[in-house]
Structures are given as C-alpha cells and as structure tokens.
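Just below is one structure, and these are the notes that go with it.
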C-alpha cells in the first residue's frame, strides 16, 4: 500500500512541472508595444482552460486570408465579465484589439472584441481595467 502511494505521489510530481509550463504570463508571450486591430470572420472557438481561444480569418488588401490565433482570459473570468460560451460563433464578423505575439506570428492576446451585434466586450485578462459595456 505504501509503495502504491509513493508511486502515485512520484507520478503527480512529474506532472506538476508540465502543468506549470503550460500556463504563461502575458509578458512572456505577447508584446504590449505591438498593438494589433483585426477585423475578420471567426473560424473556430475553443472555450477551454487555462485560456479560451478563438481564430479569425483576416483578409488583407490583396484578398489574401490569414488566420489569427487569439487568446482570451479563462472561461471563468470571461463569464464573470458577461461572456457566454456563445458570445463568439463561427461565421461572426468581429473586430479585435490586442497585443501581438513577441515572435511576430499571427497570434495575439485579445484585449477587446466588438461582437457581431456591435457590443464591445473585454477579455478581463491581467491589466484590463475596463468593464464590459
């Protein structure tokens, strides 16, 4: 019995660092000095922990489409800020303001989103002091 318990504790100890690495700070991933404003069509929504994500297809002036990966706060924080699982839907046209990833990829932390119905909502991530309107 003691051996089984020791094995369980050791196994959990191996998983803890992986979980800690999965979560990151804003400053580790995103550059607040690289603001982006994107308008496009929602192509996917992931309402999962530790951060909800959605993907937006953005067309440039030449008609080329780029898919952006946009991170939000956790579903719990979003819910407390007035979001629901259905605030964003595939096919919705939205405008997003946020900070681009430090590596310059098409990934950003979404600070605010103007939804298809015109309502502006905020992610509630660290540093957001503006309540939903």
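The values are calculated or read from the model by the stated rules, or taken from the named source; none is laboratory data. If you're wondering where the values come from, they're calculated on a predicted model, not measured in any experiment. Here the Cβ is made from the backbone with ideal geometry for all residues, glycine too, and neighbour counts use every protein chain on show.
Scanning the range 106-129 for residues that are part of a loop (DSSP other than H, G, I, E, B) and either at pLDDT 95 or above or surrounded by 14 or more Cβ atoms within 10 Å (Cβ to Cβ) (or both) yields 106, 115, 116, 123, 124, 125, 128. Kindly provide the set of residues from the range 54-68 that are modelled with pLDDT under 95 and surrounded by 12 or more Cβ atoms within 10 Å (Cβ to Cβ), ordered by number. Listed by number, the list is empty, since nothing qualifies. Close contacts from the range 52-66, counting a first residue that is in a loop (DSSP other than H, G, I, E, B) and a second that is buried (at least 16 other Cβ atoms within 10 Å of the Cβ), with Cβ to Cβ under 8 Å and a gap of 6+ residues or different chains, come to 52/45; 52/71; 52/72; 52/73; 52/74; 52/75; 52/78. Just to be sure before I move on: is residue 73 modelled with pLDDT of 90 or more, assigned to a loop (DSSP other than H, G, I, E, B) and within 16 Å of the chain's Cα centre (by Cα) in the structure I sent? So residue 73 passes the test.
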